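Reviewing the structure listed below.
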Amino acid sequence: MRRPGRVWLAAAAATVVVAGLGWAAMPSASAATNLVTNPGFETGTLTGWTCDASDSVVTGHAHAGTYALQGAAGNDTAQCTQTINVVANTAYTLSAAVQGAYVFLGVSGAASTQTWTTSTTYTTLTLTFTTGTSTSLTIYIHGWYGQGTYYADDLTLTGPGGTPSPSQTKTTSPSPTPSASPSKSPSPSPSPTPTGTPPPPRDPGQGRRRLGVVRRVQRQRTGCRVR
C-alpha cells in the first residue's frame, strides 16, 4: 500500500512536467515576425504593394516557392513600395533576395537608407537600421533606368510591429458660409518701365496745352513769335 506522502509527491512532479511542456510549447515573445505583406508574392499578385506599370508577378524565376517579382526597368525604375507601421526608435532588419543589374533595396520615412547590387544569380541584400520618431516606414525595391529585367523575392522586415495612426476625426461643425463679395485678388507685380518712345497722352487737350508751352519757350529763346 502506497503512503499518502508518496502519492502527493508523484502528483506534484507530474504537474511540474505538464507545466514545463506547456511552457515549452508557447512561442517566444521575442520571436522574429515578418512585417511585410505578401513578402514572397505567393498570392500570384502584387497585393499589398504599390508598383509601377512595368512590374509583374511571374513563375519560373522564384528564389523560393512559386512566384517572384519581375521588374522591367526601362523608362522607369520598375519600383514597388509598401508602407508599414513600426515602433519609433527601434532597430529593424530588411532583407530581400534579388537578381539583375542594379537592383536597389531601401527604406524611407521612419528611416532612410538603401543598398544595391548587380548579380546574374540570386543574392541577398540586407539593411539594418534604427527608426526615428516617425512610425511610418516605406520599404522599396527597384531596378535602374534602361538596365532591363530584375527579379526580387522573399522580402523580410523583422522587428516589432507598430500601431496604425488613428484616422483624423471629421469635425461636426459646418463649414463657414463663403462671403458674397469675392476675395481680394493679389496685387499684380509691377510691369517693367517701358523703353523707347512713350505712348501719346490719353487726354487730347493735354497735347495741345503741352504744344502751347513749347511755343512760348521758343518765343522767349528767339525773341520772335512762332506760329
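Can you tell me which of (1) modelled with pLDDT of 95 or more; (2) assigned to a loop (DSSP other than H, G, I, E, B); (3) under 18 Å from TRP49 (Cα atoms) is the one GLY132 doesn't meet?
Unmet condition: (3).
Within region 135-151, can you find the residues that are within 20 Å of the chain's Cα centre (by Cα) and part of a strand (DSSP E or B)?
Of everything in region 135-151, those that are within 20 Å of the chain's Cα centre (by Cα) and part of a strand (DSSP E or B) turn out to be SER136, LEU137, THR138, ILE139, TYR140, ILE141, HIS142.
The values are calculated or read from the model by the stated rules, or taken from the named source; none is laboratory data. Keep in mind the model is a prediction, meaning the values are calculated, not measured.
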